[in-house]
Amino acid sequence: RPRPSPPAAVVGAGLGGSAVAYFLQQHFGPQVQLDVYEPAGVGGRLATVTVNKQQYESRGASIHALSLHMQDFVKILGLKHRREVAGKSAIFSGENFVLEETDWYLLNLFRLWWHYGISFLRLQMWVEEVMEKFMRIYKYQAHGYAFSSLEELLRSLGGDAFINMTQRSVAESLLEVGVTQRFVDDVIAAVLRSSYGQSVLVPAFAGAMSLAGAQGSTWAVEGGNKLVCSGLLKLTKANVIPARVTGISLHSSEGRSLYQVHYEGSEGQGSAFYDMVVVTTPLHPSRSNFTFENFEPPIANFPGAFQPSVTSVVHGYLNSSYFGFPDPKLFPFASILTTDTPDLFFNAMDNICPVNISAAFRRKQPQEAAVWRVLSQQPLDKQQLKTLFRSYYSVQVTEWQAYPRYDATKSLPPIVLHENLFYLSGVEWVASSMEMIAVAAKNVALLAYNRWHQDLEKIDQKDLMHKVKTEL
């Protein structure tokens, strides 16, 4: 007889927490009891800020076209894709623009070829090969297969080559396939600074995911990407508890493991027992002060640090002279990426549109006051703001521990912390994006379900491509 569905706790109500709650209910059925603990607002890093009564994404701004789980969420929740507002990009070196986009696709291609030879084609082929293999995960998950470690998941998609890609830099991998150093320094560095706030020394797999987002078409959710999180939690009728989890202790009852979740809310401290727990907040010293009790061997904090990132949403007049355009009317770019130059104090900036875009909406002209999102590693001081803007009405600053500080030598965190205790956020050490988190959420839900029902045939199977073809 199948075991009854377990009472389960999810720690965190960002995209990982809301997606895993949805997938757990999908597999265990509507009778599964789900408590989701979240001390701050639902949505986590998918957050918005308000400027002049309009909301703007402050982070987690764009979703790749190949993000199939995110596409599904939007469809299931009846949400819409935000209308795209065209705008050109350029890469700035601190002195001049090293690459400028035009309105003409063929001219853009010619410029890339003129500056960098066939490097951009080699890059495209490399990224496409990685993405083609990565897309296998959707087939595996559709057939109910799960992986008990990040290494097993990567190996099933791309063999040892994918594991190696977490241990060597994107620069090294691209130089090996014939991309030039100049292209790496100008273009690859600019993309990675705008996405991860880090250099071309990030691991190749994380780099490939970031570059796929930069060269493919992207989209966003009308009304704000955080609507996906609140929508999924509403759909699953999960019980959201506004409290911070301080620790988990292990107990035994009639020969089975029980997890006691300790929490702290506005009404003081409390605790509750569960058969299953999924932790979706990072278990790293800089991000949590979580304690695990009675576990043998003990569960320790994982090594590694997070990259601080600062988002400044500025409503003001761009100082186009700084970028070599004395007449602001002639400034053509909506998005500026930067090369890895010591004197540059920002990673990227873009003229952003509100999360609700009406049919009549038009992007502000360069000489008008617009809303710009500036990404930097340190908060901008008055002088730096003055360098970028002639004048401004408001500045809203969000400081956050954005992404893992990638270091190619780190081992990947585990997914299974104990029998029915799972860790979802470790996937960010492979690559950090909304879809990676959604894929990890589906994997954890399948893994939890297969382990609960002792269906070991569905866990860590070898040669899955062949198995899936046979099942078809």
*In nm, spacing of pseudo-spin labels at residue 384 and residue 296 (7 Å Cα→C-beta vector)*: 5.1 nm
*Put a dot 7 Å past each Cα toward the Cβ at residue 176 and residue 269; how far apart are the dots in nm?*
5.1 nm
*Let a ≥ b ≥ c be the square roots of the eigenvalues of the Cα gyration tensor of region 402-469; is it rounded (a/c under 1.5), or, if not, prolate (a/b larger than b/c) or oblate?*
prolate
*Any chance you could look up the accessible area of residue 465 with a 1.4 Å probe, heavy atoms only, rounded to 10 Å²?*
50 Å²
*In terms of solvent-accessible area of protein heavy atoms at a 1.4 angstrom probe, what is the ranking of 218, 291, highest value first?*
291, 218
*If you add up the charges near residue 381, with Lys and Arg at +1 and Asp and Glu at -1, over every other residue whose beta carbon is less than 15 angstrom from its beta carbon, what do you get?*
0
*Report, by chain and number, residues whose modeled amide H sits under 5 Å from the one on residue 402, excluding near sequence neighbours (fewer than 5 apart, same chain).*
307, 309
*Kyte-Doolittle at least 0.0, axis length at least 24 Å by Cα - qualifying DSSP helices, the chain*: 434-452
*Ordering 135, 165 by how much accessible area each has at a 1.4 Å probe, largest first, what is the list?*
135, 165
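With n ≥ 4 as the cut-off for DSSP H runs, can you work out [θ] at 222 nm for the chain, using -39500 (n - 2.57) per run divided by the number of residues, rounded to the nearest 500?
Here the helix-only value at 222 nm equals -9000 deg cm²/dmol.
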*asked:* Could you compute the net charge surrounding residue 459? Neighbours are other residues with a C-beta less than 15 Å from the C-beta of residue 459; K and R count +1, D and E count -1.
replied: -1
*Once you sort the root eigenvalues of the Cα gyration tensor of region 53-161 as a ≥ b ≥ c, which label holds: rounded (a/c under 1.5), prolate (a/b larger than b/c) or oblate (the other case)?*
oblate
*Ordering 406, 259 from largest to smallest accessible area (1.4 angstrom probe), what's the sequence?*
406, 259
*Amide H neighbours of residue 221 under 5 Å, counting only residues 5+ apart in sequence or on other chains, H built in-plane at 1.01 Å?*
82
*Excluding residue 176 itself, calculate the net charge of residues whose Cβ lies under 12 Å from the Cβ of residue 176, where each Lys or Arg counts +1 and each Asp or Glu counts -1.*
+1
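The values are calculated or read from the model by the stated rules, or taken from the named source; none is laboratory data. Just so it is clear, the structure is predicted and the values come from calculations on it, not from any experiment. Note: ideal-geometry Cβ built from the backbone for every residue, glycine included; neighbour counts use all protein chains shown. Heads up: the accessible areas ignore ligands, DNA and RNA and are worked out on the full protein's heavy atoms, side chains in. Shrake-Rupley method; radii C 1.70, N 1.55, O 1.52, S 1.80 Å.
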